[in-house]
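> Below is one structure. I have some questions about it.
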Amino acid sequence: MDPVRASAREIARAVNAREVSALEITETMIPHVAAVDEHLGAYLTLTPELMREHARRVDARVAAGESLPLAGVPAAIKDNMCLLGTRTTCASKILEHWIAPYTGTAVERLLAAGALPIGKTNMDEFAMGSSGENSALGKTKNPYDLDRVPGGSSAGSAAAVGGFAATISTGSDTGGSIREPAAFCNVVGFKPTYGRVSRYGLIAFASSLDQIGPFARTVEDAALAYDAMGGYDPMDSTSVDLPLQLTAGHLREELRGVRVGIVKEFATSDLAPDVATAYERAYADLAALGAELVEVELPTAKYGLSTYYLIAPAECSSNLARFDGVRYGLRVDGADVGEMYEKTRAAGFGPEVKRRILIGTYALSSGYYDAYYVKAQKARTRIADDFRRAFENCDVIASPAASSPAFAFNAKSDPYSMYLMDYYTIPVSLAGLPSLSIPCGSALPEGGSRPMPLGLQLASPLFTERALLGYAHAYEAATQHAAKLAPVQMVTS
Amino acid sequence: MRSKYEAVIGIECHVELKTASKMFCGCPNEFGGEPNTKVCPVCLALPGALPVPNAKAIELMIAAGLAFDAEIPAFSKFDRKNYFYPDMPKNYQISQFDMPLTQGGVVHYWLPDGTKKSCRLTRIHLEEDTGKSTHAGSGDGRIAGSSYSLVDFNRAGVPLMECVGEPDIRSAEEAVGYLEALKRTFVELGVSDVKMEEGSLRCDANVSVRLHGAPEYGTKAEIKNMNSFRSVHDAIESEIDRQIAVIEGGGRVIQETRGWDEAAGITHSMRSKEQAHDYRYFPEPDLVPLELDRALIERIRAAMPPVPFERFERFTERFGISVVQTTQLVDNPPLAAFFDRVVAICNAPAAALNFVLGDLSRLANESGTPAADGKVTPEALAELIALTEAKTINSKIAKDVLARLWANGGSAKGIVEAEGLAQVSDPGAIAQFVDDVLAANAESVVQFKAGKENVLKFLVGQVMKTSRGKANPELVEALLREKIAAR
């Protein structure tokens, strides 16, 4: 078994069977990841000693007779998730040297299930962005074309898994930050229902939308990681106190009797011709697996972007207020406390973070609150209602995961064109629904020389993770799109 | 000049709730301690930490609301109040904006002369306390001129309720009466310690004046920095005088926040309303809205002790106890409850009052054990009162029996029977004691006959002593007079 290319399921099986030790896997992965990451830039911090420590612990537990669902599985952690003793930066200058003094729930559970922490991955600063380019601390490249972006905000987590520098990874998705980079990097990216995975230890961007989920190269691996991380957590009041339905052992092979909704308003004619063809093909493949394609309407989905860009900035303007130079993180001294705040935040936050704090502060201001924030909340309810109605006629909704394949660095200089990348994912986030992106082919992008991966977004009703992963698994089993593309050769092995 | 004017006062109080842990984390809710030792990721607002509401704090809020007949809505929620301040870790305070836990209600209170008053409540809402800043390098602890500041977050996240009163108060005395009512109610309910010196009660007063009969309120000033009921009283008095002087001088009162300077005895301007914050309230997305279960509310209501004002009315109006003594009782909730139980059994409030505020309180003070926590049960005291009322024992013996009960517990009847302490009212038996005493004190008999009336007291005492206190003192005196006269 080659631990670099193996699936999480294969690794865990081999480690539990004591065919290979977690420490052996670790010693293979550490130099490999270091070499790949020279080119890929997926990681902000590598944690080899911590990885070894966890590997020894896993080996001891397996030796004691335990069987762990993720035994010895190399995992990358997005750098907005606290991991005790490691630098946790959100890819921001303001937290560049901050060491987390505790571990968040999702990461804790992932490691308790036997996963091994390789390191912390790069991201758009505070998870604000769709290309990874908003990181203040590093540049992550797309493993399928190093001149292109990996997508964002979970840039490094998607690139690491897509570039075989991790078996699984954690991401966080607020408006598409797992699904869009998953599509760009040829991997499965899964955002569970809002409230399914505890946010305790996830550095907040927009509390009512943030949700942790996994990246993996197979649906089954994503299911294993979700099963490990998910479930009620008393430390997060918004986590849902429902028994977690395990998914990994309940995946399916066909789609007979499944009604797949194709959204009338998401016409493929909006896409580049190659891309449109690929999605039409994907829908046809679903039908070929036995699914019934039905047209559904989401008339308010077009308000998704403007709704999202009021609610998310409003929450972030408040969530990010704690970064003030008083207790931790960057401090730039000033003549008085007010000047210290201003200088610290001016130096510590990048332009996109500042833009969203300003938008959010404005939207919440007295005199504008009703016109912006309250109205956006009403629109959010309407969008969720549209989905509820659509699910009366279908079991799952299929759409593109992103508006285009991965684009070149610096291609989207105005914020709005960047925001448009999440056109298909944002309405789903506003409705809190479980959804994922699964590789569904490729297209030659504008100005590109290599075909770049595309992702199919599947979204299902609240708390139907098991069904959703099942549909994705059936599609994956039949199409095997991920295997049709290979990442750039970065190291000679 | 002052009599032309009427003051209009509204009071806002912040009261720290008496819970074991903080509002949104498990850190202990305790006053003081080494700075920054009662903290965790949540109350320090470390990145990624999330709040979890303290269920006990919500129950205490409901009890507080019910005590004042407030409405407890079926739904409530938390909101964020956004502003930057170094002792506020998140730079927003989790508070309640438009859906507080309690709405409306009335605080009934009384003045030292027994006059009953009331003040309507606007609302009581739940929030979290901030840390504490210490400004160093300026010599006087003030921020002006200080070279650096230190922050202690031990208090950050302590549950705090804000009680907002309507402007129904008309004088400094009423303000103090209102605050005392809040204090004794919260103590009675176990909602808070209400210690102004430890900051568990902090209050601001909105003060304005107007000519008597004027239809509109005057412009108000908000007074801060009052750290005792005395300073609330004095600050309001001073502010009323200041505003009247401004108006009489042809000036106009401006809306502003003023600080009370205890030493100087005046208020001074802190900031005007133009500099007011826009707090950008919005619903706290880290917490789900609260659904208040009716059954829970009814359980809390059923477990609540009588509120102090209810006792006040009962004690003064039904039992005829003075305002001073009633206040003394009501301000000691365990003692008031003890008293209530004694009266419920023996139905002799006057006698019960004498024992409870008299000998029992004295014994308690001497021993350092609170009266209601001692070995004297309400049943035993009620029995003792019944024995006294029935003249089975006299008041002297009753004192002794109470002392024995205090020391060893047990029943009053048991002690009286075991020790043969029942009063002797048999004239034959008493005559024997009297004869003995008269024989031994011939000198005193002569003096009495010579008109020294107070010698009789001495002789009564001697007879009581000889009878080991058991003789009926009225009979003793009558027999002494009779027998001396017969000599």
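The values are calculated or read from the model by the stated rules, or taken from the named source; none is laboratory data. The model shown is predicted, which means the values in this text are computed figures rather than measured ones. All Cβ positions, even for glycine, are placed from backbone atoms using ideal geometry, and neighbour counts span all protein chains on display.
> Restricting to region A:327-339, name every residue that is closer than 23 Å to B:Asn154 by Cβ and free of Cβ contacts under 8 Å to residues at least 24 places away in the same chain.
A:Arg327, A:Arg331, A:Val337
> Do any residues in region B:194-220 that are under 14 Å from B:Pro167 (Cβ atoms) have Cβ atoms under 8 Å from those of residues that are aromatic (Phe, Trp, Tyr) and in a loop (DSSP other than H, G, I, E, B), where the two are at least six apart or on different chains, and which pairs are they?
Here the result reads B:Ser208/B:Tyr217; B:Arg210/B:Tyr217, each pair linking region B:194-220 to a residue that is aromatic (Phe, Trp, Tyr) and in a loop (DSSP other than H, G, I, E, B).
> Return the residues of region A:125-155 that are within 12 Å of the chain's Cα centre (by Cα) and not in a loop (DSSP other than H, G, I, E, B); say none if nothing qualifies.
Answer for region A:125-155, where residues must be within 12 Å of the chain's Cα centre (by Cα) and not in a loop (DSSP other than H, G, I, E, B): A:Ala127, A:Ala155.
> Considering B:Pro89, B:Pro73, B:Pro51, which residue is at pLDDT 95 or above, outside any strand (DSSP E or B) and away from chain A (no Cβ under 12 Å)?
B:Pro73
> Sticking with this one: When the residues of region B:49-81 are narrowed to those that are under 29 Å from A:Leu83 (Cβ atoms) and of a type outside the set (A, V, I, L, M, F, W, C), which ends up surrounded by the fewest Cβ atoms within 10 Å (Cβ to Cβ)?
B:Pro53
> Test of understanding: among B:Glu59, B:Glu30, B:Glu12, which residue is more than 21 Å from A:Asp233 (Cα to Cα), assigned to a strand (DSSP E or B), acidic (Asp, Glu) and more than 13 Å from chain A (Cβ to nearest Cβ)?
B:Glu12
> With the requirement that a residue be outside any loop (DSSP other than H, G, I, E, B) and more than 22 Å from A:Tyr226 (Cβ to Cβ), what does region A:409-426 give you?
Matches in region A:409-426: A:Pro415, A:Tyr416, A:Ser417, A:Met418, A:Tyr419, A:Leu420, A:Met421.
> Check A:Gly290, A:Gly304, A:Gly348, A:Gly325 and return the single one that is more than 29 Å from B:Val42 (Cβ to Cβ), crowded, with 21+ Cβ neighbours inside 10 Å and at pLDDT 95 or above.
Result: A:Gly304 is the single residue among A:Gly290, A:Gly304, A:Gly348, A:Gly325 that is more than 29 Å from B:Val42 (Cβ to Cβ), crowded, with 21+ Cβ neighbours inside 10 Å and at pLDDT 95 or above.
> What about B:Pro167, is it without any contact (Cβ under 8 Å) to a residue 60 or more places away in the chain and surrounded by fewer than 23 Cβ atoms within 10 Å (Cβ to Cβ)?
The answer is no for B:Pro167.
> Another question, then. Output the number of residues of region A:289-318 satisfying the condition of being out of contact with any strand residue (DSSP E or B) (no Cβ under 9 Å at 6 or more places or on another chain) and in a helix (DSSP H, G or I).
Number of matching residues: 13.
> Another question about this same structure. Taking the residues in region A:324-344 that are among the aliphatic types (A, V, I, L, M) and assigned to a loop (DSSP other than H, G, I, E, B) as candidates, determine which candidate is farthest from the other protein chains (Cβ to nearest Cβ).
Looking at the filtered set, the residue picked out is A:Val332.
> Residue under question is B:Leu150, and the condition is that it be outside any loop (DSSP other than H, G, I, E, B) and crowded, with 17+ Cβ neighbours inside 10 Å; does it hold?
The answer is no for B:Leu150.
> Which is of a type outside the set (Lys, Arg), more than 28 Å from the chain's Cα centre (by Cα) and more than 11 Å from chain B (Cβ to nearest Cβ), of A:Glu297, A:Glu292?
A:Glu292
> Return yes when A:Ala60 is within 14 Å of chain B (Cβ to nearest Cβ) and outside any loop (DSSP other than H, G, I, E, B) and no when it is not.
No: the conditions fail for A:Ala60.
> Here are some residues: A:Gly175, A:Gly189, A:Gly195. Which one is touching a Phe, Trp or Tyr at 6+ places or on another chain (Cβ under 6 Å), among the small types (Gly, Ala, Ser) and in a loop (DSSP other than H, G, I, E, B)?
So the residue among A:Gly175, A:Gly189, A:Gly195 that is touching a Phe, Trp or Tyr at 6+ places or on another chain (Cβ under 6 Å), among the small types (Gly, Ala, Ser) and in a loop (DSSP other than H, G, I, E, B) is A:Gly175.
> Still on this structure, I have one more. Out of curiosity, is A:Glu280 more than 14 Å from every other protein chain (Cβ to nearest Cβ) and closer than 25 Å to A:Ala376 by Cα?
no
> Being in a loop (DSSP other than H, G, I, E, B) and more than 10 Å from chain B (Cβ to nearest Cβ) is the filter here; which residues of region A:93-102 pass it?
A:Glu96, A:His97
> A further question on this structure: Does B:Gly218 fit the bill of being closer than 22 Å to B:Ile266 by Cβ and either surrounded by 20 or more Cβ atoms within 10 Å (Cβ to Cβ) or over 20 Å from the mean Cα position of the chain (by Cα) (or both)?
Spelling it out, B:Gly218 is indeed closer than 22 Å to B:Ile266 by Cβ and either surrounded by 20 or more Cβ atoms within 10 Å (Cβ to Cβ) or over 20 Å from the mean Cα position of the chain (by Cα) (or both).
> Report, ordered by the first and then the second residue, all pairs with beta carbons closer than 6 Å, sequence separation of six or more or different chains, a first member in region B:278-289 that is at the interface with another protein chain (Cβ under 8 Å from one of its Cβ atoms) and without any contact (Cβ under 8 Å) to a residue 40 or more places away in the chain, and a second member that is assigned to a loop (DSSP other than H, G, I, E, B) and of a type in the set (Gly, Ala, Ser).
Going by the 6 Å Cβ cut-off, the qualifying pairs are B:Asp278/A:Ser365; B:Asp278/A:Ser366; B:Pro285/A:Ser207; B:Pro285/A:Ser208; B:Val288/A:Ser237.
> I've got another one for you. Out of curiosity, is A:Ala321 farther than 30 Å from B:Asp152 by Cα and either within 14 Å of chain B (Cβ to nearest Cβ) or within 26 Å of the chain's Cα centre (by Cα) (or both)?
no
> If you don't mind, there's one more thing I want to ask. Here's a check for you: in region B:434-472, which residue that is in contact with a strand residue (DSSP E or B) (Cβ under 7 Å, 6 or more places away or on another chain) and of a type in the set (A, V, I, L, M, F, W, C) is surrounded by the most Cβ atoms within 10 Å (Cβ to Cβ)?
For region B:434-472, the residue satisfying everything is B:Ala471.
> Moving on to the next point. Taking into account only those residues within region A:80-94 that are of a type in the set (A, V, I, L, M, F, W, C) and within 21 Å of the chain's Cα centre (by Cα), which is surrounded by the fewest Cβ atoms within 10 Å (Cβ to Cβ)?
Per the stated criteria, the residue is A:Leu83.
> Look at region A:365-392 and say how many of its residues are farther than 20 Å from A:Gly175 by Cα and either within 11 Å of chain B (Cβ to nearest Cβ) or in contact with a Ser or Thr (Cβ under 9 Å, 6 or more places away or on another chain) (or both).
Qualifying residue count, region A:365-392: 6.
> In region A:1-13, how many are outside any loop (DSSP other than H, G, I, E, B) and surrounded by 20 or more Cβ atoms within 10 Å (Cβ to Cβ)?
Total meeting the criteria: 3.
> Which one of the conditions (1) of a type in the set (Asp, Glu); (2) within 21 Å of B:Val176 (Cβ to Cβ); (3) modelled with pLDDT of 95 or more does B:Glu262 fail to meet, given that it meets all the rest?
Condition not satisfied by B:Glu262: (3).
> Six or more apart or on different chains, Cβ atoms under 6 Å: show the pairs whose first residue is in region B:33-48 and within 13 Å of another protein chain (Cβ to nearest Cβ) and whose second is part of a loop (DSSP other than H, G, I, E, B) and among the small types (Gly, Ala, Ser).
So the pair list comes out as B:Pro41/B:Ala49; B:Val42/B:Ala49; B:Cys43/B:Ala156; B:Cys43/B:Gly157; B:Gly48/A:Gly104; B:Gly48/A:Gly201.
> Assess whether A:Ser306 counts as being within 27 Å of the chain's Cα centre (by Cα) and within 14 Å of another protein chain (Cβ to nearest Cβ).
Against the criterion (within 27 Å of the chain's Cα centre (by Cα) and within 14 Å of another protein chain (Cβ to nearest Cβ)), A:Ser306 does not qualify.
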